[in-house]
Structures are given as C-alpha cells and as structure tokens.
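See structure below.
The values are calculated or read from the model by the stated rules, or taken from the named source; none is laboratory data. For clarity, every value in this text was computed on a predicted model and none was experimentally measured. With ideal geometry, Cβ positions are generated from the backbone for all residues, glycine too; neighbour counts draw on all protein chains shown. The accessibility values were calculated without ligands, DNA or RNA, using every heavy atom of the protein model including side chains. Shrake-Rupley method; radii C 1.70, N 1.55, O 1.52, S 1.80 Å.
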Amino acid sequence: MAEAARAGAEAARAGRDPTSRGGDLGFSAIAFLLALLPRLYVALAWAREPVWDGHYYDFGARRIAAGLGYSDDLIVGGQPVWHPWCHYPVGYSGFLGLVYKLFGAGPHVATVANAVAGALLVVVVHRLARHATTPTRARVAALLAALSPGLIVYAALLMTEPLAALGLVTAPWLLARDAARGRLVRGALLAGAALGLTALVRPQSLLCAPALALLALRGPGSAGARAGHAAASGLAAWRRGALAVALSVAAALAVVAPWTIRNCRVMDGCALVSTNGGWNLAIGAFPRATGRFETLRAGDGCPITRGQVAQDRCWMAEGLKWIKSDPVRWLALIPKKLSFTFDHESFPVGYLGEANPAAWPEERRAAGRRVLTASHLGLLSVAALGVVALPRLRPWRALVAQLAALAAVLGLIAWGVLGDDHAFWPLAVAIPVIAALPLPGRPANGGVVGYLAFAVASVALTHTVFFGEDRYHMVVTPALCILAACALRRAERR
C-alpha cells in the first residue's frame, strides 16, 4: 500500500495525475492554438450568409442583441406586433446574441466565435481524457479533436452542434475533476449547470444526466493512491452516484427554469425549452416518412394557424397516432434513421454549397463529402475499440471474452466496408452495448468512458425515435475522439 501511495505521489509530481492542478496544461494550450488556427481560417475564408436553420439562429440572435428577445414581428392591421418564439431551442441564438452585443454583428463575428468555441472544445476534450486514460492517450484524443475535418469545417456554419458538444464534455469534466479532489457536491452542481446550459442549446442533452453517476462512484484521491486502496463499498459508491445525479439534475433544471417560465408566460402554453419535439416525432412517423428530414405540411394533419405550443402538441399527437396505427412500419425505419445519422458526414459541405454555390461546384462538394465521411467512419471504427481491452494470454476466460469482443467490432467494421449498404451505424450501437457488458478482462469502461458510451447511446436512441441526419452525430464526435484514443487499453485491474 505504501508503495502504491509513493507511486501516486511520483505521478502527481510528474504532472501525470489528472487531479493535479497543473497537469499538462502546456499541452492544453498548444492544443487550443492548433485547433484555433484552421478554424479561424475556415471562419473567415469560407463563411457566407447563414442558410437553412442557421438563418433562424442568426435572426434570433440579432433580435436578442437588439433587446427584442427571442422573437419576430408580425404585421397586424398594418402595424408590427411583437411575436415570441420557442420553436427552436434558444441556447445557440442566446450565445450569438451575447457575442453580437459585445462585438457587433459583423459578417464574421459569429463564425469567429464558433472558431474560439471549437478550440475550447479541444481543450476540454484533453482535460476530460486525462480522467479516462494515460496522458499520452489524452494528448491523442485532443489531437484527433483538433484536426477533425468535420469539426474544423463546422466553424463556418451557424449551427448548434459544436456548442452542444462543448457542453456534453464540459459537464463530465467538471464533475470528474472535482470528485477526484473530494468536492463531489461542487462538481455535481457545476456539471448540472453546464448540462442545463447545454439543454438550452440541445434539449435532449438532459438524457446524459444519469450517466454522471458513473463519474462519482469512486472516492477522492490520486490515481496512484486509488490503485493502492480498496474501493469503497458498492452501497457507498452508488450513494455517491445518486447524490451526484440528484444535484446535477436539480442544478440543470434551475438553469432551464427561467426560460420555461418565460415560455409559460408569453407563449400559448408551457414548453420546457422548445416546441419542435412533436414536429420531429411526426417527421419520423408520418406516412411519407423516409427516416430523414421531410417537410411537414398542414394537410398532413395539423393546421398552421395554431400557436407554436399547440401546433407542436398536435404533431406529437399525430405522430403517436401514426406509430400506434402501424408500429411495424415505424420500427422498420429505425435502421434507415441510424444510417442517415451515422453512416456519412455531408451536412457541412451541403451548407457551404448552399451559402456559396459558386465556390462549391458539385465536384468540390463530392470531394468534401468523401473527406468528411472517410474521417468520420474511420474515427467511429477506432472508437468502437475504445471499449475493448488488448487481449492478454492469461487468464483464459478474459482472453476468450476480449477476443470475442474484438472479433465482433472488427466484423462490424468489415461489414461496413464490404457490405452493399456500407452500414457503419451498428458500431455506434455496439459501443454502449459492449461497454455495459461485464465481460472478463474488459478495460475500465465505467467513469468517463462509460459516460461517453452513454452519450453515444443517447444520440442513437433519440434519432431512433425521431429521424436521422448526419449533422446529429457531430455532438458526439469529441466523445468518439476520446474513445478512439482509448482503443485496446489494458484490462481493468480488480
């Protein structure tokens, strides 16, 4: 035990302990600059007028910056009448509105803010990865995030995914950092506040709250000291986990509550964050559903004269009715939804091509789609190995179990490469499944890795229920970077 404690102290002095305050901060700074430079170039050279959903986020941000709130004006009797919104989540427009208020609404202000947020995302990936794996692997995770083509290109898009991704990795980092220092309550409250802000950008981020328990199961202390001491009893560990989740959820809801109260006050009904859940369910279930986005029309079931809350509730009711009337058809769409979500990465190129067609002829678009898709599928494939241990010869049960898991992942990769439909989405399903299985000889699939696997599962589940588009996987691209850096680790010590 004394030897383990000495090893932990030596690791801390060397800056290899993730609980040490100054551990590898120099590399975090280097990673920030490495990430910022290409993102700034894209933000300045490629950005044009926002299109698609980006148009609405930008418009909402400008209204917020002007002191008009999240709204537009309707012309009634020849006079403009203030009209509140909450169809889209407010978080990203609120972020841009603050940026516009501070720096003006010039042509590249928003995209430069995106670039800075993207670089901060890489820093948080590095800091979080240090609680999941070795310092070297944590650096690899940061480099993967810094140089991800999709995350770089996204700096030129006024879309929510990178900001939502930043929140999804910031929350567990805050909790893991403070729990390791014996400050579980503070870490849980900070993590909940971060998750609440993330929910204002992407409401389904709240699904990750239960996974925060995985980060609180171990008691405080350095990595070396923990290795030399017996783990806390199972009951005590789960009490810590339950406390962390309860505090985090309470903090998250406290952050969201003012916006919910605003909606109840100014809209035609109450909405937690936004009013597009019913729309999205209907898009994934109505008779013309294909598994991806399709435009709903009033003739599909709901008139357009209703208020936003009432209309969303109408689409929710219609969606549930369509699912109940033909559940087999709805279930049959699930593979297509997951394929649209995980099997390619083309949205950023499509957005840029729509915003600036002259600069993005079809040949360049096709090349861009190939680069983004290849990098995403390669990352997803290696990330699936992040929950599999490097097989060891002894004990034989562990060897057999991990060889089986490795064979399963490699088989899914081969199916994606060689199959007629090139389906890689089963890898996204396999990550949380393998992480949860109590296989002998498995790596440490709890803690940060367990949270990241849960985050991947939350995206898969969300778009199984609603509909799929490739931009939705971008929120877990940083998680995939950490998982990929953890590929084929050593088995967890008992």
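How far is helix 234-266 tilted off the main Cα axis of the chain, in degrees rounded to 10, range 0 to 90? Helix 234-266 sits roughly 10 degrees off the main axis of the chain. What's the angle, to the nearest 10 degrees (0 to 90), between helix 161-180's Cα axis and the longest principal axis of the chain? On a 0 to 90 degree scale, this one is about 30. What spacing in nm lies between the two simple spin-label points modelled at residue 332 and residue 492, each 7 Å away from Cα in the Cβ direction? Distance between label points: 4.1 nm.
Listed by chain and number, the lysines placed with their C-alpha closer than 20 angstrom to that of residue 336 are 324; residues fewer than eight positions away on the same chain are left out.
Taking 0.36 nm per residue of sequence separation and removing the Cα-Cα distance, the residue 321/residue 436 pair yields an extension gain of 38.0 nm. Heavy-atom accessible area for residue 325, with the other protein chains in place and a 1.4 Å probe, reaches approximately 90 Å².
The residue 105 and residue 260 beta-carbon pair, evaluated with R₀ = 25 Å, returns a calculated FRET efficiency of approximately 0.35. Evaluated at q = 0.10, 0.15, 0.18 Å⁻¹, a Debye calculation over the C-alpha positions of the stretch 314-405 (equal weights, vacuum) places log10 I(q)/I(0) at -0.57, -0.85, -0.89. Modelled this way, with points 7 Å down the Cα-to-C-beta line, the labels at residue 185 and residue 79 are 5.4 nm from one another. Once the Cβ-Cβ distance of residue 72 and residue 306 is raised to the sixth power relative to R0 = 22 Å, the FRET efficiency obtained is 0.85.
To the nearest ten degrees, helix 396-418 and the longest principal axis of the Cα atoms of the chain are 30 degrees apart. The three principal axes of the C-alpha atoms in the stretch 137-211 carry coordinate ranges of 38, 31, 16 Å, sorted with the longest axis first. Across all directions, the average projected area of the convex hull around the alpha carbons of the stretch 324-471 is 11.4 nm². For the chain, the convex hull spanned by the alpha carbon atoms encloses 161 Å³ per residue. For the stretch 291-365, averaging the sequence separation of C-alpha pairs within contact (under 8 Å, six or more residues apart) and dividing by the residue count gives a relative contact order of 29 percent.
Taken along the Cα-to-beta-carbon direction at a fixed 7 Å, the label points for residue 404 and residue 29 span 5.0 nm.
Measuring max minus min along each principal axis, the C-alpha atoms of the stretch 280-323 give extents of 27, 17, 14 Å (largest first).
By the Cβ distance rule (another cysteine Cβ under 4.7 Å), the unpaired cysteines of the chain are 86, 208, 481, 486.
Here the calculated FRET efficiency for residue 136 and residue 288, from their Cβ-Cβ distance with R0 = 56 Å, stands at 0.65, rounded to the nearest 0.05. The length gained by stretching the chain between residue 52 and residue 246 to full extension, at 0.36 nm per residue less their Cα-Cα distance, is 66.1 nm.
Our estimate of slack between residue 367 and residue 235, defined as 0.36 nm per intervening residue step minus the Cα-Cα distance, is 42.1 nm.
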